[in-house]
Amino acid sequence: MRRAASALTPVRRIAAAALATAVVAVLAGGCGKGMGATDSDGKSKGSGNVKGVDDGTTLTMWTRAATQAQSQELVKAYNASHKNNVKLTVIPTDDYQAKVGTAAGSKDLPDLFAADVVFAPNYVSSGLFADLTKRIAALPYAGDLAPSHLKAGTHDGKKYVVPHTLDLSVLFYNKALYKKAGLDPDKPPTTLAEWDRQARKVDALGGGVDGTFFGGNCGGCGVFTWWPSIWAAGEQVMNDEGTAASLDSPTAKQVYQVYRGWAKDGITAPGAKDETGATWTGLFPKGNIGVMPMPSTTLGLMPKKLDFGVAPIPGPDGGESTFVGGDAIGIAATSDKADQAWDFLSWSLSDKAQVDILAKNGDVVARTDLADNKYAAADPRMVTINQLVAKGQTPYSGKFGQTFNDPNGPWLRLMRDAVFGDAGKVGEDNAAVTKSLTD
């Protein structure tokens, strides 16, 4: 099973967001909302041929190194079966935001470009993408596309992006350790309370075995793995506009309290308090961690001899959810090849591309109706991951980076206070988060 080169792409994608604030300023100053988004007659460039055009046109496309493997496979297969030719440029992940910002300011964006889904709202509201509303609606499987990606790329009721790659947060649990601890290896936790009990029972084995692990000094890790427990309870972490936080709710505090108990009682592997995300996913594959949340992309990177299962992240009293990360992709508003670019995008969402390319290589599919495809069916863990796409969320905020990813930002302070410091400051910290979201 092939995976992208980096197992840490969700954290690196999210952690890189500190640069986004500066880039948004470039976007707003360099192009404004209307940047090339309409023809002279006022019609959106994104409302042309809903089926796309395959006439031998050469298209340019950008993607980040974090999604290089998937993008290259899709482009290779498309070019081999179509008249159009997509020329893909892979840009180092840490340089991507600045590259897009500079190109937007000079109106020199490629015909197609992908974006970390958490940045999609910034790009869309800045007018970088063409309107795809009518094109998406014409797809026979429009209602089955990953809802979180579509929501992130929706602005003023119009859709500007489609899913490109997906990475979800899920629980990984060690079945061998569960057996040794007297736990049923086929019954992962379905509530946060069960997760707590199971982690503690595995931890009691001793001998270098630990119950769980988390990135306690990593804001990106926190949003990726803590927030799903809040969503699973049917609650939100922010308002719909992404301008007010509710991270001091009773449910949120329940979640923090469990993590605080793990830290206090030594249920986590050593280093959780200082973990910045750099080595966060490296411990579970060694076989000494009972149960912990991690990116779905690490599934194919696990040692073959490791006996483990995958489960949804539960809420305090049940429910399940996931943080749907990954990339969205759209057509640049400045492109004069929108019909040809749409031919590639619509094909990338087809059964052929989703199943025979992405699913075959062990990647999460972007359509909920293909969750149990023939390749995923061979591994029930992959089916579990695919089925979570419909239940997952991607938070929406124009100030995501400065608020939740900056190591000096208010969210990390809230995390640290809630789990390692003065939990009484959570309300004050939440107010600081809200202030950051509106500054």
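The values are calculated or read from the model by the stated rules, or taken from the named source; none is laboratory data. From a predicted model like this one, the values you see are computed outputs, not experimental measurements. Ideal geometry is used to build each Cβ from the backbone, glycine not excepted, and the neighbour counts take in all protein chains shown.
It is to be established whether one or more residues within the stretch 109-124 are assigned to a strand (DSSP E or B) and free of Cβ contacts under 8 Å to residues at least 40 places away in the same chain.
The initial filter retains those residues of the stretch 109-124 that are assigned to a strand (DSSP E or B), namely 112-116.
Narrowing the set further to residues that are free of Cβ contacts under 8 Å to residues at least 40 places away in the same chain leaves none.
For the stretch 109-124, residues assigned to a strand (DSSP E or B) and free of Cβ contacts under 8 Å to residues at least 40 places away in the same chain: absent.
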**Prompt:** So which residues in the stretch 133-158 are among the β-branched types (Val, Ile, Thr), buried (at least 19 other Cβ atoms within 10 Å of the Cβ) and more than 21 Å from residue 370 (Cα to Cα)?
**Reply:** none
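Can you confirm whether residue 262 is in contact with a Gly (Cβ under 8 Å, 6 or more places away or on another chain), crowded, with 21+ Cβ neighbours inside 10 Å, modelled with pLDDT of 95 or more and aromatic (Phe, Trp, Tyr)? Steps first, answer last, please.
Numbers: in contact with a Gly (Cβ under 8 Å, 6 or more places away or on another chain): yes; crowded, with 21+ Cβ neighbours inside 10 Å: yes; modelled with pLDDT of 95 or more: yes; aromatic (Phe, Trp, Tyr): yes.
In short, yes.
From the list 252, 244, which one is surrounded by fewer than 21 Cβ atoms within 10 Å (Cβ to Cβ) and touching a helix residue (DSSP H, G or I) at 6+ places or on another chain (Cβ under 9 Å)?
Values: 252 fails: surrounded by fewer than 21 Cβ atoms within 10 Å (Cβ to Cβ).
None of the others qualify; the one that does is 244.
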**Request:** Identify, from the list 173, 178, 160, the residue that is in the same structural domain as residue 66 (by TED's automatic domain parsing), among the aromatic types (Phe, Trp, Tyr) and at pLDDT 95 or above.
**Result:** 160
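Would you check which residues across the stretch 232-245 are closer than 19 Å to residue 317 by Cα and of a type outside the set (A, V, I, L, M, F, W, C) and list them?
Once the filter is applied, which keeps residues that are closer than 19 Å to residue 317 by Cα and of a type outside the set (A, V, I, L, M, F, W, C), the stretch 232-245 yields 234, 235, 236.
Can you find a residue that is within 17 Å of the chain's Cα centre (by Cα) and either in a helix (DSSP H, G or I) or in contact (Cβ under 8 Å) with a residue 12 or more places away in the chain (or both) anywhere in the stretch 183-197?
Filtering the stretch 183-197 down to residues within 17 Å of the chain's Cα centre (by Cα) leaves none.
The answer is no, given that none of the residues of the stretch 183-197 is within 17 Å of the chain's Cα centre (by Cα) and either in a helix (DSSP H, G or I) or in contact (Cβ under 8 Å) with a residue 12 or more places away in the chain (or both).
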**Fill in**
Picked from the stretch 42-97 (must be hydrophobic (A, V, I, L, M, F, W, C) and in a helix (DSSP H, G or I)), the residue modelled with the lowest pLDDT is 66
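Do you know which residues across the stretch 58-78 are hydroxyl-bearing (Ser, Thr, Tyr) and crowded, with 17+ Cβ neighbours inside 10 Å?
Of everything in the stretch 58-78, those that are hydroxyl-bearing (Ser, Thr, Tyr) and crowded, with 17+ Cβ neighbours inside 10 Å turn out to be 60, 63, 67, 71, 78.
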**Asked** Do we have residue 394 as surrounded by 21 or more Cβ atoms within 10 Å (Cβ to Cβ), closer than 30 Å to residue 109 by Cα and either outside the structural domain of residue 186 (by TED's automatic domain parsing) or under 16 Å from the mean Cα position of the chain (by Cα) (or both) here?
**Response** yes
**Asked** Out of curiosity, is residue 175 out of contact with any strand residue (DSSP E or B) (no Cβ under 6 Å at 6 or more places or on another chain) and farther than 22 Å from residue 279 by Cα?
**Response** no
**Close pairs (7 angstrom Cβ cut-off, 6 or more residues apart or separate chains): closer than 14 Å to residue 259 by Cα in the stretch 198-209, part of a helix (DSSP H, G or I) anywhere** = 199/262
**Message:** Looking only at the stretch 132-142, count every residue that is over 15 Å from residue 163 (Cα atoms), touching a residue at least 60 places away in the same chain (Cβ under 8 Å) and outside any helix (DSSP H, G or I) and tell me the total.
**Reply:** 1
**Complete:** Of (1) in contact (Cβ under 8 Å) with a residue 24 or more places away in the chain; (2) in the same structural domain as residue 258 (by TED's automatic domain parsing), residue 408 fails just (1)
